[in-house]
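Remarks on the structure that follows.
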Amino acid sequence: MFSIEGVRSIWRTLGPDLARDIALVCLADSLVGLSFGAITLTSGLPLWLPVLLSVVVFAGAAQFMFVGLVTSGGNPIAAIVAALLLNARYVPFGFTVADLLGGRWASRLFGTHLAIDETVAFALAQSDRERRRAAYWVCGVGLFVTWNLGVIAGAAVGTAVGDTAVLGLDAVLPAVLLALVLPSLRNADTRRAVLIGVVVALGAAPFVPAGLPMLLGLVGVVATLRRGGAESAEERGPVPTDQAPALTDQEDGTPC
């Protein structure tokens with residue numbers, strides 16, 4: 001699988017442009033991983049935690065959210081629930097890339113673990129199955145390796161520096177979360193959900209424990225889904241009476 005000829009075949013399938021794009025994404029994610037490792041260590045959490053999260057969870061937004069909630073005094077259970085809800089978007093990803101994971105259970109298990117925003121986006125952007133498969137696996141493995149190396153390097157930086165605020169890394173967490181949200185705001189329903197969620201979360205913040213306001217903010221999603229369902233029903237409207245089958249007399253064929 002990892003022979004020289006196999007690597008050459010993957011390179012030919014990807015092409016230099018796609019390989020360059022994947023390499024740039026891996027580099028960018030390694031820098032975000034570096035900031036995650038540094039912030040986690042300087043927040044007072046143990047060294048093993050960011051490493052374990054990066055290997056087992058492998059979802060940057062959920063990892064940042066978990067650490068941010070815990071270090072701000074939030075309940076760890078609430079932090080786990082919030083991270084799980086955030087990662088629920090990966091469920092449909094699995095159906096989308098299922099045909100790219102191979103037939104063996106080990107391949108499918110590891111391939112499912114690599115189903116994150118970047119790998120799925122690169123795969124779906126390709127025109128044929130072979131390029132989708134190559135892009136998915138190269139991007140997934142590349143990101144898994146560079147992300148974890150970045151986290152370890154960040155933890156070392158956090159241990160050596162002691163105060164990441166000197167490097168400005170304390171601003172990375174809100175910047176990363178904002179960058180993850182911004183592309184979705186092009187959709188009107190998403191903007192509505194975010195606005196409702198922000199209002200609810202900010203209103204609840206002075207009265208409930210840390211971490212809970214964000215969970216309460218999920219009512220924005222529920223409200224938007226209910227509104228969307230109601231609008232769809234209104235658009236369909238009532239069934240026209242002229243489409244209903246007319247009842248006729250069995251003998252002369254005249255309407256009853």
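Taking the highest mean first, how do the peptides 10-17, 195-202 order by number of other beta carbon atoms within 10 angstrom per residue? All intermediate terms of the calculation are to be shown ahead of the outcome.
Numbers: 10-17: 13.8, 195-202: 15.9.
My ranking of the peptides, most packed first, is 195-202, 10-17.
Would you mind putting 89-96, 40-47 in packing order, based on average other-beta-carbon counts within 10 Å, highest first? Numbers along the way, then the final one.
Working: 89-96: 12.4, 40-47: 18.0.
Result, highest mean first: 40-47, 89-96.
Whole-Hz Karplus ³J(HN,Hα) for the stretch 11-18, in order, using 6.51 cos²θ - 1.76 cosθ + 1.60 and θ = phi - 60°, x for Gly and Pro?
4, 5, 5, 5, x, x, 5, 5
Among 104-117, 130-143, how do they line up by average Cβ neighbours within 10 Å per residue, starting with the highest?
On the way: 104-117: 15.3, 130-143: 21.4.
Top of the packing list down: 130-143, 104-117.
What's the FRET efficiency of F110 with L195 using the Cβ-Cβ distance as r and R₀ = 35 Å, to the nearest 0.05?
On the way: r = 39 Å, r/R0 = 1.11.
The computed FRET efficiency comes out at 0.35.
For the stretch 4-169, what is the Kirkwood estimate of the hydrodynamic radius, computed as the reciprocal of the mean inverse distance between distinct Cα atoms, to one decimal in Å? Don't jump to the answer; show the numbers that get you there.
On the way: mean 1/r = 0.0593 Å⁻¹.
For the stretch 4-169, inverting the mean 1/r across all distinct Cα pairs yields 16.9 Å.
With r defined as the distance between the Cβ atoms of V219 and A28 and R0 fixed at 45 Å, what FRET efficiency is calculated, to the nearest 0.05?
Numbers: r = 33 Å, r/R0 = 0.74.
Step by step, r from the Cβ atoms, then E = 0.85.
Using the Karplus equation 6.51 cos²θ - 1.76 cosθ + 1.60 (θ = phi - 60°), what ³J(HN,Hα) coupling, rounded to whole Hz, does each residue of the stretch 28-33 give in order, writing x for Gly and Pro?
In residue order, the calculated couplings are 4, 5, 5, 5, 5, x Hz.
Where a number appears in this text, it was derived from the coordinates with a stated rule and is not lab data. Bear in mind the structure is a predicted one, so any value in this text is a computation, not a measurement. Cβ atoms come from the backbone with ideal geometry, glycine included; neighbour counts cover every protein chain shown.
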